[in-house]
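J.: Sharing a structure with you now.
Nothing in this text is a laboratory measurement; each read-out follows from the coordinates by a stated rule. In this text the structure is predicted, and so the values were computed from the model without any measurement. Every residue, glycine among them, receives a Cβ derived from its backbone with ideal geometry; neighbour counts consider all protein chains shown.
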Ligand SMILES: C[S@@+](CC[C@H](N)C(=O)[O-])C[C@H]1O[C@@H](n2cnc3c(N)ncnc32)[C@H](O)[C@@H]1O
């Protein structure tokens, strides 16, 4: 249907935008480089989308899940490691390794090659830069976690939302995950240690290979606080396996004081122990905060897991401590969405939180949420990661 193509004049304008963004990228330095790269990527994507035939694009869009399916099949076949070190693996080798029917391997690799995860040559298949992350087991764990534990609840949304009258989930109604599975995700993971293990590995995948926790300049800011040995520098609330605090510690060895990571005991049971320089403390975020005098109360990827009502409830365990002790700071790390024109990455991450009753928020939603607890945004810190660090203060 040629008449549904974008007219050439519009495409020429999009090309001009790409060139302008490319010039901005070339000129950018420091932190601006990340913004400029993102801008160039957005403009290039707009140009690519304008070149699609809209009717034909409906199909690949519906079946994007085929890519995570094929990733999962390769994990089951134990094939990812065979591509280590940029190795090209031939079809004959793949058949020998898997004992699978050739037609199955052809079709699965066709999908992954089309998704730019592999490149195909007469010699066989090689991972592209987009495929390299799958050499990291944490990314495979995340694919598996989403594929089996989260995506089914997303697929159930048209039914479950209709059944719940298109009302946002509340504490009383339970989460869409519960609507689909009859139990809350965190409760379910608590009674399925193998899946909790997967969740913990999947959480590392968010920042695998990137600097994580770099939105906040830990070294400079904590350096100003004159923290002494024995004092609590940071409590990372629901900090999982402690990987972020481990990294902050490593990057800023000069920071004194204790780094405490709190989480459910079932999550700690899924890992071998706390990383060096970090202490574990079992704690349910909805119960009174046992550490009364930390310099920093830190929540990363927690607010996006919960509704405003739940966030307000667990913030109620920390806000009195901020009031009692002016030295204490509250830092929240999550996405801060743009008010309009969210990217695919932003939107995917937001809707992926829906099954567990959470959401990603824009600045006004953060402001509204914090006001319910007598807080406001002091500063939004940004670094190289997509997440921002929202520093809060009392109203
Ligand atoms: C999305 S993960 C984030 C983990 C970590 N902060 C990070 O950035 O990787 C959410 C964490 O919340 C923990 N969690 C869920 N419910 C909790 C509760 N009621 N009390 C304490 N931790 C909880 C989970 O065990 C999990 O480690």
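J.: Students often get this wrong: which residues of the stretch 366-395 have the backbone nitrogen under 20 Å from the point 7 angstrom along Cα-to-C-beta of residue 327?
T.: 392-394
J.: Using a Gaussian network model of the chain with C-alpha springs under 10 Å, which one of 85, 174, 316 is most mobile by mean-square fluctuation?
T.: Sorting by GNM fluctuation, first place goes to 85.
J.: Ok, one more. Note down the relative contact order for the chain as a percent, whole number, built from C-alpha pairs under 8 angstrom at least six residues apart.
T.: Here the relative contact order equals 12 percent.
J.: Length gain on complete extension for the stretch residue 38 to residue 191, per 0.36 nm per residue less the alpha carbon to alpha carbon distance?
T.: Full-extension gain reported as 51.0 nm.
J.: Taking 0.36 nm per intervening residue step and subtracting the Cα-Cα distance, what contour gain separates residue 168 from residue 225 on full extension?
T.: Result for the pair: 16.4 nm of gain on full extension.
J.: Using the scaling law 2.2 N^0.38 Å as the reference, what is the normalised Cα Rg of the stretch 1-132?
T.: So the stretch 1-132 has a normalised radius of gyration of 1.36.
J.: Shape verdict for the stretch 136-267, please, from the Cα gyration tensor: rounded (a/c under 1.5), prolate (a/b greater than b/c) or oblate. Present the calculation step by step, with values, prior to reporting the outcome.
T.: Values: a/c = 2.53, a/b = 2.08, b/c = 1.21.
Here the stretch 136-267 falls in the prolate category.
J.: Continuing with the same structure: Classify the stretch 65-134 as rounded, prolate or oblate from the Cα gyration tensor: take a ≥ b ≥ c as the square roots of its eigenvalues, call it rounded if a/c is under 1.5, otherwise prolate when a/b beats b/c and oblate if not.
T.: Rounded, since a/c falls under 1.5.
J.: Using Cα atoms only, what is the angle between the long axis of helix 65-76 and the major principal axis of the chain, expressed in degrees (0 to 90) to the nearest 10?
T.: Approximately 80 degrees, to the nearest ten.
J.: I would also like to ask the following. Can you give me the angle between helix 102-114 and the longest principal axis of the chain, using Cα atoms only, in degrees from 0 to 90, rounded to the nearest 10?
T.: 60
J.: Which of the three applies to the stretch 2-62, rounded, prolate or oblate, going by the alpha-carbon gyration tensor with a ≥ b ≥ c and a/c under 1.5 meaning rounded?
T.: oblate
J.: Counting DSSP beta bridges with both partners in the chain, what percentage is antiparallel, nearest 5? If you can, show how the numbers build up before the last one.
T.: Numbers: 17 of 36 bridges.
Beta bridges within the chain, antiparallel portion: roughly 45 percent.
J.: List the residues of the stretch 83-109 whose backbone N lies under 16 Å from a point placed 7 Å from the Cα of residue 126 along the Cα-to-Cβ direction.
T.: Once the point is set 7 Å along Cα→Cβ of residue 126, 83-91 turn out to lie under 16 Å by backbone N, inside the stretch 83-109.
J.: With labels modelled as points extended 7 Å from the Cα through the Cβ direction, what inter-label distance (nm, one decimal) is found for residue 384 paired with residue 104?
T.: It is 4.1 nm.
J.: Pick out which of 246, 368, 96 has the largest mean-square fluctuation in a Gaussian network model of the chain, springs linking Cα atoms closer than 10 Å.
T.: 96
J.: Also, I was wondering about something else. Using r as the Cβ-Cβ distance of residue 265 and residue 29, and R0 as 45 Å, what FRET efficiency do you calculate, to the nearest 0.05? Show your work: numbers first, answer last.
T.: On the way: r = 46 Å, r/R0 = 1.03.
For R0 = 45 Å, the calculated efficiency reads 0.45.
J.: Using a 10 Å cut-off on Cβ atoms, rank the peptides 323-330, 5-12 from the highest mean neighbour count down.
T.: Result, highest mean first: 323-330, 5-12.
J.: Using helices alone, what [θ] at 222 nm do you get for the chain, with -39,500 (n - 2.57) per DSSP H run of 4 or more residues, divided over all residues and rounded to the nearest 500?
T.: Rounded to the nearest 500, it is -13000 deg cm²/dmol.
J.: A further question on this structure: Using only alpha carbon pairs under 8 Å that are at least six residues apart, calculate the relative contact order of the stretch 218-394 and give it in whole percent.
T.: 18
J.: Here is a follow-up. Cα centroids of the stretch 76-140 and the stretch 218-256: how far apart, whole angstrom?
T.: 40
J.: Which value, in nm² and rounded to one decimal, describes the direction-averaged projected area of the C-alpha convex hull of the stretch 135-205?
T.: Projected over every direction and averaged, the Cα hull of the stretch 135-205 covers 5.1 nm².
J.: Next question. Eigenvalues of the Cα gyration tensor times 5, then square-rooted: what semi-axes does that give for the chain, in whole angstrom, largest first?
T.: 38, 26, 24
J.: For residue 368 and residue 251 in one chain, what is 0.36 nm times their gap in residues minus the Cα-Cα distance, to one decimal in nm?
T.: 38.7 nm is the gain from fully extending residue 368 to residue 251.
J.: Please identify, among 176, 290, 355, the residue showing maximal mean-square fluctuation in a Gaussian network model of the chain using a 10 angstrom Cα cutoff.
T.: 290
J.: For residue 339 paired with residue 68, estimate the spin-label separation in nm (one decimal), with each label point 7 Å from Cα along the Cα-to-Cβ line.
T.: That separation, rounded to one decimal, is 3.2 nm.
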